[in-house]
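**Q** Questions regarding the structure given below will be posed in turn.
The values are calculated or read from the model by the stated rules, or taken from the named source; none is laboratory data. All values derive from a computational prediction rather than experimental measurement. Cβ placement follows ideal geometry from the backbone for every residue including glycine, while neighbour counts extend to all protein chains displayed.
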């Protein structure tokens, strides 16, 4: 496992070296190993009546808040278009969340509302976090043994048989095409 994470890091390092890239959307990549934490640490839980946010709920909340903030700045810049000083608006930062590890019903069932057509993460606190187009969830796994049919049908699948194609050639091909669209960072 981890080959996708390694490939994304390789791409980020290569992009940082090349400064001649056109304006691109920034991509922030977060990698989480969901099988090493209980669902309460991933999605959040109540502790003595106080809601404690989990890792995934925090990542999705930050991505949602960033999109809302950028949209607000763009709207504000549009309303002040007649002013003498232009307002510098940031590009929308794309968020890629890589979940590296086998699908386990303990945590993947909590993501059912995220994977359906509503695309919002429903938390035990009653909060719902909307997933925007600029946020992608990437599952990296070895097999689909523990995946339910409903989970599989709601995801796009890419299968690379280990003997048919190396991940390095896929990354090199993707890097050639993607570097014109994205600037990738792994820094928070």
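**Q** Tell me which residues, restricted to segment 130-161, are in contact with a helix residue (DSSP H, G or I) (Cβ under 7 Å, 6 or more places away or on another chain), over 15 Å from residue 99 (Cβ atoms) and at pLDDT 80 or above.
**A** Correct list: 130, 132, 134.
**Q** Exactly one condition in (1) at pLDDT 90 or above; (2) closer than 25 Å to residue 146 by Cβ is false for residue 6; which is it?
**A** Unmet condition: (1).
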